[in-house]
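Asks: I'd like to ask you about the structure that follows.
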Amino acid sequence: MTRAELLDFATDLAWRAGRVTLPYFQTGVSAERKADQTPVTVADRAAERLVREAVGARFPDDGILGEEEGSLNPGAGRRWIVDPIDGTRSFVRGVPLYAVLLALEEEGEPVLGVVHFPALGETVYAAAGLGCWVNGRPARVSSVDRLEDACVITSDAKLAAHGARAEGWARLAAAADVARTWGDAYGYALVATGRAEAMVDAEMQVWDAAAVAVVVREAGGVFTDWAGSATHAGGCGVGTNAALADRVRRTLGAG
């Protein structure tokens with residue numbers, strides 16, 4: 001199967017997983033607390049189960065890593081990574097900025113990413129060498145090259161527990177034209193489509209980062225951890241357009 005065909009498969013699968021979430025959206029669905037104190041709902045579990053079954057049926061030898069059900073076939077050369085609802089706190093509050101995230105790794109490197117927003121009807125998707133797209137149209141980062149003109153975003157304004165990263169965000173927000181908290185995957189989608197210049201997360205899991213890393217990079221941007229390493233597994237994330245990549249990271253400082 002070609003990479004373009006894999007991207008078509010992943011985009012359709014993320015859309016179908018999103019359809020699973022919609023009957024629960026804005027219904028007052030309750031969330032449980034997992035051992036790490038993050039929330040999970042019946043919709044998270046149902047959407048991940050659909051993805052796992054579809055991948056297993058089509059690619060039985062591939063690995064799968066999901067936020068809710070862990071790892072399958074560890075050590076496989078290819079691994080699908082799914083976050084069935086990125087932004088569960090938004091989801092349970094009826095805020096439409098949550099996403100289904102689906103990525104494909106080959107030998108540990110993410111090569112394909114889909115970021116689907118079921119309640120918005122928007123999908124941003126990309127694969128290495130194929131560019132980035134949003135609802136069938138090419139997507140590109142902005143050309144803004146002055147931080148003073150930029151829109152910068154973070155997932156959570158409550159960064160006090162992150163020490164130097166909180167200070168870095170405060171410097172970045174103060175220097176930018178606009179600072180907002182349209183966070184989680186939505187912030188990276190805004191960067192990839194040229195509607196914002198920088199999105200930063202002081203803390204991320206692999207399933208949060210893999211898909212958005214591909215989307216930002218294929219849109220012409222830069223995705224790294226806070227220390228500037230080009231990884232989706234650094235436990236944090238910074239996505240920017242190319243023009244401001246260096247300045248944003250200097251302003252944030254190493255994590």
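Asks: Please state the charge dipole magnitude for the chain, taken about the Cα centre, from unit charges on C-beta atoms (+1 on K and R, -1 on D and E), reported in debye and rounded to the nearest 20.
Replies: Working: 25 positive and 34 negative charges, 100 e Å.
My answer is approximately 480 debye.
Asks: Something else: Which net charge results for the neighbourhood of residue 172, defined as the other residues with beta-carbon distances under 11 angstrom from its beta-carbon, given Lys and Arg at +1 and Asp and Glu at -1?
Replies: Working: positive: 165, 171, 247, 249, 250; negative: 167, 197.
Here the charged neighbours net out to +3.
Asks: Hey, another quick one. In nanometres, what is the gap between the two model label sites at residue 107 and residue 71, each 7 Å from Cα along Cα-to-Cβ?
Replies: Label at residue 107, label at residue 71, 1.9 nm between them.
Asks: For every other residue with a beta carbon closer than 14 angstrom to the beta carbon of residue 4, add +1 if it is Lys or Arg and -1 if Asp or Glu, then tell me the sum.
Replies: Numbers: positive: 3; negative: 5, 8, 12, 218.
My count for the surroundings of residue 4 gives -3.
Asks: Let me ask another. Using +1 at the C-beta of Lys and Arg and -1 at the C-beta of Asp and Glu, which of 193, 222, 110 has the Cα lying farthest in the positive direction of the dipole of the chain?
Replies: 193
Asks: While we're here: Compute the Cα gyration tensor for the stretch 1-73, then decide on rounded, prolate or oblate, letting a ≥ b ≥ c be the square roots of its eigenvalues: rounded whenever a/c is under 1.5, prolate when a/b is larger than b/c in the other cases, and oblate in all that remain.
Replies: Details: a/c = 3.00, a/b = 1.56, b/c = 1.92.
The shape class here is oblate.
Asks: Turning to a different aspect of this structure: Note the full-extension length gain between residue 49 and residue 195 as 0.36 nm times their separation in residues minus their Cα-Cα distance, in nm to one decimal.
Replies: Working: separation 146, 0.36 × 146 = 52.56 nm, distance 3.27 nm.
My answer for the length gained is 49.3 nm.
Asks: Kindly write out, for the stretch 67-74 in residue order, the coupling ³J(HN,Hα) from the Karplus curve 6.51 cos²θ - 1.76 cosθ + 1.60 (θ = phi - 60°), rounded to whole Hz, with x marking Gly and Pro.
Replies: Ordered by residue, 3J(HN,Hα) equals 4, 8, 10, x, 9, 10, 6, x Hz.
Asks: Which of 101, 22, 112 moves most in a GNM of the chain, Cα contacts under 10 Å?
Replies: 22
Asks: If one puts a single equal scatterer on every Cα of the stretch 3-138 and applies the Debye formula without solvent, what log₁₀ I(q)/I(0) results at q = 0.19, 0.21 Å⁻¹?
Replies: -1.07, -1.25
Asks: Related question: Within the stretch 139-213, list the trypsin sites (Lys or Arg not before Pro) lying in a DSSP loop whose Cβ has at most 11 other Cβ atoms in a 10 Å radius. Before the final figure, lay out the partial values.
Replies: Working: sites: 140, 146, 158, 165, 171, 180, 195; in loops: 140, 146, 158, 195.
Answer by residue number: 158.
Asks: Another one. Going through the stretch 1-75, which trypsin sites (Lys or Arg not before Pro) have at most 14 other Cβ atoms within 10 Å and a DSSP loop state?
Replies: Values: sites: 3, 16, 19, 33, 34, 45, 49, 52, 58; in loops: 34.
Loop-located and lightly packed - 34.
Asks: Tell me, what is the Rg over Rh of the chain, with Rh the Kirkwood radius over Cα pairs? Each step should come with its number before you reach the end.
Replies: On the way: Rg = 17.1 Å, Rh = 17.9 Å.
Result for the chain is an Rg/Rh of 0.95.
Asks: Mind checking the angle between helix 206-218 and the chain's longest principal axis? C-alpha axes, 0 to 90 degrees, to the nearest 10.
Replies: Value to nearest ten degrees: 70.
No lab work stands behind these numbers, since they all come straight from the coordinates. Worth saying up front: this structure is predicted, and the values here are computed from it rather than measured. We place every Cβ from the backbone using ideal geometry, glycine too, and count neighbours over all the protein chains shown.
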